[in-house]
Amino acid sequence: MKILFVASECAPFVKTGGLADVIGAVPKALAQSGIQARVMLPAYPALKALVAGAAEVWHAEKLMGGPARLLACTSEGIDLLLLDAPHLYDREGSIYLGPDGKDWTDNAERFAALSCVAAAVGIGALKKWKPDLVHMHDWQAGLVPAYMRQKSGTPPPTVMTIHNIAFQGLFPPAMMKKLGLEKRHYSRDGAEFWGHLGFLKAGLAMADRITTVSPTYARELMLPEFGMGLEGLMRYRRDDLLGILNGIDTDVWDPATDPHIAKPFSARAMGGKKASKKALLKRFGLSPGKGPLFCVISRLTTQKGLDLLLEAVPYLVARGARLALLGSGDKELETGFVAAAHAHPGTVGVVTGYDEPLSHLMQAGSDAILIPSRFEPCGLTQLYGLRYGTLPVVARTGGLADTVIDANEAALTAGVATGVQFAPVTTAALEDAIARTCDLFAQPKVWTGMMRRAMKHPVGWDSAAQEYMALYRSLADPAT
Ligand code: ADP
């Protein structure tokens, strides 16, 4: 079976968040079951080296105002189709934002172009390769079914995955003409969303099936608190909506072989974790202490609930715990955490920016990872935490609720706990979770048991790959 993945990022080539990790990992997991997934991505500057050695498989003289080519290559075990359109993608800086920190003004054209070419490939534009199914990821790929319906030929079935419904790709309806979209798509059961042209809305309305990245988030999407205006559509399509829990790349995230950590360790031989803790304390200028070392590795946004953590810092410090935070994003939060580090030298350490190797060392060297998200479609850092014996302390929402087993009395007695959950998402509940974590940490036998269990928790892609495969088969091969 041949699947075309359409997405705006893919690890390890270009990444701003969890979406990239998923796009980089799922095709590899599917390949083991005989599914060939090719990933279509814009050829951003970060992919220049690959472009140089790739083969042209398609071209257009004019795509949203300039020439475009589609290039095929394989790198890091992933089959890529790179959309090379310099007028849209060849620019330095963030893939979504201009130097002023605001969305590129032509993001509608940039990602409509991606969807438009993916639609052409879906219909059969490539000589030697026609997908049996197109799998679109997030709003950047949402227009694929609309463009396919405008072309002659039989479109293959489509799946639309929501990695985060907060990002919807909303633009003025007047853009339709410029993007080459027929007027008929601007309807309630098409791309219209409260007076806007909605890329995600279009994909959700027109795809054959919808998935999201955890079963709990799939249920939450039907509620006004989480659906961001799309809850009605989600309820309407509930029979086509499926939550498939993300996994992680267990080769890249393996404490037994990770090149970024101080010393290898595993569930059987956990001693090496201490060396990373020492290196981490040094890197963040923290002093050793009796309480647990918490870490945060995150985009700094209100989604992630880090404003609540900022309020809870004095409590965390008073409990004898320490905090190492790596993050970037909201300037107010950045300033707030840097000020907290100044106010609590040796106890709170902050590194602002994006640092992949450091994130590995933090997962290896910390005792617990804090994730107080207000909503979390799946979340990956708690899965890395489980794998590295860094116990997740999480808000009970989305994928966090599905992956961490709270250390309540029953779970501790049954020997199944792997972390701490809290609800509601308030500063008081977060402080209570910090208190419970400190109490558990003070019982070395209990804590070590939880660590060992967490490290054995299955976090790979095997189960998700089976679920995606079953979904693809049900659509592209209904006879089976
Ligand atoms: P989201 O996609 O909402 O940002 P996820 O938990 O799904 O959240 O994925 C975040 C990914 O980005 C993880 O791989 C995490 O390790 C990584 N990450 C987030 N912030 C940083 C940072 N400042 N430095 C390095 N890696 C980061």
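The values are calculated or read from the model by the stated rules, or taken from the named source; none is laboratory data. Note that the structure is predicted; figures quoted are calculated from it, not measured. Backbone-built Cβ (ideal geometry, glycine too); neighbour counts: all protein chains shown. Side chains are part of the model used for accessible areas, which takes the heavy atoms of the whole protein and leaves out ligands, DNA and RNA. Shrake-Rupley method; radii C 1.70, N 1.55, O 1.52, S 1.80 Å.
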Self-check item: the range 293-326, residues that are part of a helix (DSSP H, G or I) and not charged (D, E, K, R)
Solution: Leu306, Leu308, Leu309, Leu310, Ala312, Val313, Pro314, Tyr315, Leu316, Val317, Ala318
Exercise. For the range 402-421, enumerate the residues that are open to solvent by 30 Å² or more (accessible area, probe 1.4 Å) and closer than 30 Å to His137 by Cα.
Key: Asp402, Ile405
Quiz item: Does at least one position in the range 354-370 carry a residue that is near the ligand (Cβ under 9 Å from one of its atoms), more than 21 Å from Ala262 (Cα to Cα) and open to solvent by 10 Å² or more (accessible area, probe 1.4 Å)?
Solution: no
Quiz prompt | Filtered residue count, the range 170-186, keeping only those that are open to solvent by 80 Å² or more (accessible area, probe 1.4 Å) and of a type in the set (Gly, Ala, Ser) | solution = 1
Self-check item: Inter-residue pairs, beta-carbon under 9 Å, first within 22 Å of Glu467 (Cβ to Cβ) and in the range 35-46, second basic (Lys, Arg) and in a strand (DSSP E or B), 6+ apart
Solution: Ile35/Lys2; Gln36/Lys2; Ala37/Lys2; Arg38/Lys2
Quiz prompt | Matching residues in the range 80-94 - criterion: being out of contact with any Lys or Arg (no Cβ under 9 Å at 6 or more places or on another chain) and closer than 18 Å to Val14 by Cβ | solution = Pro86, Arg91, Glu92, Gly93, Ser94
Quiz item: Among the helices (runs of 4 or more DSSP H) confined wholly to the range 179-284, which include 1 or more residues that are under 24 Å from the mean Cα position of the chain (by Cα)?
Solution: 199-206, 215-220, 224-227, 231-236
Quiz item: Only one of (1) more than 16 Å from the ligand (Cβ to nearest atom); (2) of a type outside the set (A, V, I, L, M, F, W, C); (3) out of contact with any strand residue (DSSP E or B) (no Cβ under 9 Å at 6 or more places or on another chain) fails for Gly18. Which number is that?
Solution: (1)
Self-check item: Single residue of the range 386-402 satisfying the filter (of a type in the set (Gly, Ala, Ser) and more than 15 Å from the chain's Cα centre (by Cα)) that is nearest to the ligand (Cβ to nearest atom)
Solution: Ala395
Practice problem: Kindly indicate which of Leu300, Leu326, Leu281, Leu286 is in contact (Cβ under 8 Å) with a residue 12 or more places away in the chain, within 30 Å of Ile210 (Cα to Cα) and hydrophobic (A, V, I, L, M, F, W, C). | Solution: Leu300
